[in-house]
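Throughout, read-outs are computed from the coordinates displayed, never taken from laboratory work. From a predicted model like this one, the values you see are computed outputs, not experimental measurements. Cβ coordinates were reconstructed from backbone atoms using ideal geometry, including for glycine residues, and neighbour counts include every protein chain displayed.
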Amino acid sequence: MKKLLLSLMMCMILISCASAVQLQLGVFKTSEDINLFQTCDACSAITISAITYPNSTAFIRNITMSTSDGVYYNYTLNGSLVDVAGTYTANGFDDAGSAFSYDFIVTGSGSLLDESKSMFYIGVMAILAFFFIITVAGIGLLPSRDERNSEGDIISINSLKHLRLVFAGIAWAILTMIVFLAWNVAEGYLETGLVAAIFKVLFTILMTGLIVGVPVIFVYILWKLVKENVIKGMLSRNIFDGARYNV
């Protein structure tokens, strides 16, 4: 039994020494050069058989790694080839009969989302979501129309109703910030670009609506205030015919 255990231990040691295996190279930033390396003092050549994209498509095949001392071998992967976030895989072999395979992760920020960063972004998201809810709730608390009599004619102008549009614009802006933050987090830290692409489209739509909507809301409120000012003067002189106006 002792001889069997000793033999198994020797085999494990020999296997670990013979195969230069590296399971995880690290995390890198998109579009930046990556130095792929291997060490081997019992071989004269190391070849990268394939490097694959996150979708398992190979884009590098049969590349001989360079060396200056016969021990440390490296290959610089051009940053233009790693412009997609995700987990890449490098496979290769040496002329001593050993093979290797390891992954490396590419993200927009060059790092992964750790606990401290997650708590920070969650906190900011929570604050924005709180203000968004308060703003939307405020819209429901504001008056929606002027004071009218039983016949539906205006008897008093309530300019506070215009704040509903102002609050709606603020809520839209807050929602745009939330989506923008989500887009940046997804693009900077997630290993898949699909989520970031979705948030980017949503942000583009919201931002376009915000740019167009703010001037429209401003002009509309200004026009209504001018019109209401005229009606206030007519009401003060008791010459206003409510049936002729719809404010």
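Starting from the coordinates of the alpha-carbon atoms of region 63-131, obtain the Kirkwood hydrodynamic radius over all distinct pairs and give the value in Å to one decimal.
Value: 15.9 Å, from the Cα pair sum.
Give me the number: length gained by fully extending Ser109 to Val71, i.e. 0.36 nm times residue separation minus the C-alpha to C-alpha distance, one decimal in nm.
Computed gain between Ser109 and Val71 is 10.5 nm.
Hey, what's the Kirkwood Rh for region 20-107 if you take every pair of different alpha carbons, in angstrom?
One decimal place: 13.0 Å for the Kirkwood radius.
Tell me the label-point distance for the pair Ser116, Ser236, using the 7 Å Cα-to-Cβ offset, in nm and rounded to one decimal.
Between Ser116 and Ser236, the label points sit 6.2 nm apart.
Which value in nm describes the separation of the simple spin-label points at Arg61 and Ser156, placed 7 Å from the Cα toward the beta carbon?
So the label points at Arg61 and Ser156 sit 8.2 nm apart.
Within 10 Å, count the other beta carbons around each residue, average over each peptide in 218-226, 183-191, and list them highest first.
Averaged packing, sorted descending, gives the order 183-191, 218-226.
Can you compute the FRET efficiency between Lys224 and Asn78 using 1/(1 + (r/R0)^6), with r the Cβ-Cβ distance and R0 = 45 Å? Round to the nearest 0.05.
Numbers: r = 59 Å, r/R0 = 1.31.
Efficiency computed from Cβ-Cβ geometry: 0.15.
Equivalent-ellipsoid semi-axes (√(5λ), Cα gyration tensor) for region 115-244, whole Å, largest first?
Output for region 115-244: semi-axes of 43, 15, 10 Å.
Using the crude model of +1 on Lys and Arg Cβ and -1 on Asp and Glu Cβ, and no other charge, please compute the dipole size for region 115-244 relative to its Cα centre, in debye to 20.
Details: 11 positive and 9 negative charges, 82 e Å.
Using only the charged Cβ atoms, the result is roughly 400 debye.
Taking the Cβ of Asn91 as the center, what net charge do the other residues with Cβ under 13 Å away carry, scoring Lys and Arg +1 and Asp and Glu -1?
Working: positive: Arg61; negative: Asp94, Asp103.
Once positives and negatives cancel, what remains is -1.
Report, ordered by chain and residue number, the aspartates and glutamates lying within cross-link reach of Lys161, taken as a straight Cα distance under 15 Å and ignoring same-chain residues fewer than 8 apart.
Asp146, Glu147, Glu228
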